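Student: There's a structure below that I have some questions on.
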Amino acid sequence: MTESWWGLMTSGQIADKWSLWLDTHYVPELFLIGRGVFTYHTADEKFNFTAGYAHLQLTTPFSEGDLIRPERRPWGQVIMRLPSSQGYNVSFRFRYDARFRQSFDELQLTDGHDFNHRLRFNNSIRYQFKRLDKIKTALSASFVNETLFTLGPDRVDIPFEHRVFLLLGIQRGGSTLSPGYHIRFQNTSTSQVRIVHGFVLWINFNYQFKNLRRHFLREFPIDKI
């Protein structure tokens, strides 16, 4: 199966060690998500801690791709970065999602919600190429692996999923354009694996609310997958 993944992301420094995310992701006939989160950065930038809230609209087996099923999702993550002087940025991330999705039966949405825990383990390698000063543009390449486990107590549609992303980063000023490719492996039952893949295009804007002493906190589009 093929799909496309579109994202518009913003992040801004709001205090010496704090930043704010506002972003949205859209996969046609699958989901639409909007998120608002705060991130705390340690002084050495080796760790950052994020907590926030997301609202989603999901498809159902009977809605023919229409996004009619709402989900409310408090979530949090921690990222650890390994230092490098060779142009590489290696990171490890753990994210927890508390998923409250509206229940449904064979034909329609019903009252009440299904609640699930989702655990997400992510590692990424990002390489920063030499800056192209003539056109004031920086290029990077990213490889991302992410494994997701969904647990009860309520109904679990996809207990296991693995995602791989290959992304090019084109950065000019505070804007980054990230075209690429992704593939997802989903364990939908004990005997069936579904594979979906396709094009990715993410647009990221970094901004500042005011002139702060620290003018740059380390954040990348791959942090926001």
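Student: What accessible area per residue comes out for the chain, rounded to a whole number of Å², with a 1.4 Å probe?
Tutor: 52
Student: Considering segment 79-136, what Rg and Dmax in Å follow from its alpha-carbon atoms?
Tutor: When restricted to Cα atoms, segment 79-136 yields Rg and Dmax of 20.9, 59 Å.
Student: Another question, then. Only one of the values (1) 1, 6, 13, 16, 18, 17, 14, 9, 4, 1, 0; (2) 1, 8, 13, 14, 13, 13, 12, 10, 8, 5, 3, 1, 0, 0, 0; (3) 1, 6, 12, 17, 21, 16, 11, 7, 4, 2, 1, 0 was calculated from this structure for P(r) over Cα pairs in 5 Å bins from 0, in percent; name its label.
Tutor: Correct label is (3).
Student: Continuing with this model, one more query. State to the nearest 20 debye the size of the charge dipole of the chain about its Cα centre, where the only charges are +1 on K and R beta carbons and -1 on D and E beta carbons.
Tutor: Here the size comes out at about 1300 debye.
Student: For the chain, please report how many Lys pairs fall under 22 Å Cα to Cα, leaving out neighbours fewer than 8 apart on the same chain.
Tutor: Taking the chain as the scope, the lysine pair count is 4.
Student: Between SER175 and SER103, what is the label-to-label distance in nm when each label sits 7 Å out along the Cα-to-Cβ direction?
Tutor: Distance between label points: 4.7 nm.
Student: Below 12 angstrom from the Cβ of THR10, what's the summed charge of the other residues (Lys, Arg +1; Asp, Glu -1)?
Tutor: After counting each charged neighbour, the total is 0.
Student: Just to confirm a number: summing +1 for Lys and Arg and -1 for Asp and Glu over residues other than LEU151 whose beta-carbon lies under 11 angstrom from that of LEU151, what do you get?
Tutor: Surrounding charge for LEU151 is 0.
Student: Right, something else. Which one, TYR96, ILE195, ILE125, projects farthest toward the positive side of the charge dipole computed for segment 94-225 from Cβ point charges (K/R +1, D/E -1)?
Tutor: With unit charges placed on the Cβ atoms, the residue in question is ILE125.
Student: What accessible area, in Å² to the nearest ten, does a 1.4 Å probe give for PHE185?
Tutor: 70
Student: Something else now. If THR24, THR42 are ordered by their accessible area, calculated over protein heavy atoms with a 1.4 Å probe, which sequence runs from highest to lowest?
Tutor: Putting THR24, THR42 in descending order of accessible area: THR24, THR42.
Student: Separation between the ILE14 and TYR127 pseudo-spin-labels, each 7 Å from Cα along Cα→Cβ, expressed in nm?
Tutor: Here the answer is 3.7 nm between the modelled labels.
Student: Could you give each residue of segment 93-104 its phi-based ³J(HN,Hα) in whole Hz, using Karplus coefficients 6.51, -1.76, 1.60 with θ = phi - 60°, and x for Gly or Pro?
Tutor: Once θ is set to phi - 60°, the couplings for segment 93-104 become 9, 10, 10, 10, 10, 9, 9, 10, 10, 4, 6, 8 Hz.
Student: Please turn the phi angles of segment 171-177 into ³J(HN,Hα) values with the Karplus equation 6.51 cos²θ - 1.76 cosθ + 1.60 (θ = phi - 60°), one per residue in order, whole Hz, x for glycine and proline.
Tutor: In residue order, the calculated couplings are 10, 9, x, x, 10, 10, 9 Hz.
Student: For GLU3, enumerate residues with amide H under 5 Å from its amide H, sequence gap 5+ or separate chain, H modeled in the peptide plane.
Tutor: Result for GLU3 returns HIS197, GLY198, PHE199.
Student: How big is Rg to Rh over segment 133-199, alpha-carbon atoms, Rh as the Kirkwood inverse-mean-distance radius?
Tutor: Result: Rg/Rh = 1.20.
Student: What longest range of the chain stays clear of loop-exposed GluC sites (Glu not before Pro) (DSSP non-H/G/I/E/B, at most 10 other C-beta within 10 angstrom)?
Tutor: For GluC sites (Glu not before Pro) (loop position, at most 10 other Cβ atoms within 10 Å), the longest site-free span of the chain is 107-225.
Student: While we're here: Could you compute the FRET efficiency for ILE183 and ASP111, with r as their C-beta to C-beta distance and R0 at 45 Å, rounded to 0.05?
Tutor: Taking R0 as 45 Å, the efficiency between ILE183 and ASP111 is 0.75.
Student: If you plug each phi of segment 114-131 into the Karplus form 6.51 cos²θ - 1.76 cosθ + 1.60 with θ = phi - 60°, what whole-Hz ³J(HN,Hα) values come out, in order, with x for Gly and Pro?
Tutor: Taking θ as phi minus 60°, the curve returns 8, 10, 9, 9, 10, 10, 10, 10, 9, 9, 9, 10, 10, 10, 9, 6, 4, 5 Hz for segment 114-131.
The values are calculated or read from the model by the stated rules, or taken from the named source; none is laboratory data. Bear in mind the structure is a predicted one, so any value in this text is a computation, not a measurement. Note that each Cβ is placed from the backbone with ideal geometry, even for glycine, and that neighbours are counted across all protein chains shown. For the accessible areas, the whole protein counts, side chains as well, though only heavy atoms, and no ligand, DNA or RNA atoms are used. Shrake-Rupley method; radii C 1.70, N 1.55, O 1.52, S 1.80 Å.
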